[in-house]
Amino acid sequence: MHSHWFKIRLKAGLLSVFFTVLTLLPLTAQSIPGSRIKGYPWLLSAIRNNHLPSGYLDLAKCHLTRNISDMPADRRTYGIKFTDNFSFNPDSGEIITIMNILYLQTRDLNGTPVLMNRPATTILSAKPENDFLNYQIVMSFNGKTLMQLYQCSWDRAVFLWR
């Protein structure tokens, strides 16, 4: 009789532990060391192991290095991913991903705010010798090509996960 109750209590205890682990697994998966990409070597490792990263980029924490346009510096946050179109150059070590987006901007035309949407191309690039990720946005508007280039530090502005 005692062995029967013991087996029932053991099974209940094991089920309880199993469901607790299943509940906590999503919380611990994000805190596993190395799951966040914190620099070029981590990005290269993720791509080579077919763990194509995605995440976001906070332009408010990036440095605008070149602005060939009449647009002010962008301080928004953008989602980024390496799943659509990326390349790796083994000679230089450069990793590039290209994403087509719709750039939304509100302009004040004679006192009336007007939402303008422009198709744009964003180019993310990382090189082994740099401690930042380059974010470049290029668009054509009224026959002009507009371009902004940002340098985003891995630890402050780039948030990528495998």
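The values are calculated or read from the model by the stated rules, or taken from the named source; none is laboratory data. Source: prediction; values computed, not measured. Ideal geometry is used to build each Cβ from the backbone, glycine not excepted, and the neighbour counts take in all protein chains shown. Surface accessibility is based on the protein's heavy atoms, side chains included, excluding ligands, DNA and RNA. Shrake-Rupley method; radii C 1.70, N 1.55, O 1.52, S 1.80 Å.
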Problem - segment 75-106: chymotrypsin sites (Phe, Trp or Tyr not before Pro) falling in loop per DSSP and having at most 10 other Cβ within 10 Å - result: none
Practice task
Tally up the carbon and sulfur contribution to the accessible surface of segment 70-148 as a whole percent, 1.4 Å probe, everything protein left in place.
Solution key: 51 percent
Problem - segment 36-162 shape via C-alpha gyration tensor axes, a/c threshold 1.5 - result: prolate
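If you add up the charges near R162, with Lys and Arg at +1 and Asp and Glu at -1, over every other residue whose beta carbon is less than 15 angstrom from its beta carbon, what do you get? Please list the in-between numbers first.
Working: positive: R36, K38, R48, K81; negative: none.
Surrounding charge for R162 is +4.
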